[in-house]
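Everything below concerns the one structure shown next.
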Amino acid sequence: MLEASQSQHDRVRPSKLALEDQLLMTLSYWLEYRTLFHTAMSYGFHESSASRIITKIENILIKSDKFHLSKKLHHGKGIDWEVVGVDATDMTIERPKKQKKF
């Protein structure tokens, strides 16, 4: 990750936040499901800056071979695949209609 960050370091202005803190910001954003605004305020940044940092770290991690997931499902002893279906359709709620006053 340091190598990928250093290759980008030559092209852009260096961040005020250390690489370790950028990774921590990204992980806390993923873990806590907080908004970018609240994550940025925790680190003293603007929302757009936090978005750029998180996107940069995500791209570095995606390009890394350490987080590569295989496209084939592995079958073997000790692996119990279970599928759960979730119905997440949007349903309208029936509300009483307002009566007209005469």
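The values are calculated or read from the model by the stated rules, or taken from the named source; none is laboratory data. As the structure is a computational prediction, the values presented were derived from the model and not from experiment. Cβ coordinates were reconstructed from backbone atoms using ideal geometry, including for glycine residues, and neighbour counts include every protein chain displayed.
Things worth noting here:
- Pair list, Cβ < 7 Å and 6+ apart or interchain, from the range 11-25 residues that are surrounded by 10 or more Cβ atoms within 10 Å (Cβ to Cβ) to residues that are assigned to a helix (DSSP H, G or I) and among the basic types (Lys, Arg): none
- Arg52 surrounded by 10 or more Cβ atoms within 10 Å (Cβ to Cβ), among the charged types (D, E, K, R) and at pLDDT 90 or above: yes
- For the range 26-42, a residue qualifies if it is closer than 13 Å to Ile57 by Cβ and either modelled with pLDDT of 95 or more or among the hydroxyl-bearing types (Ser, Thr, Tyr) (or both), and the qualifying residues are Thr26, Ser28, Tyr29, Thr39.
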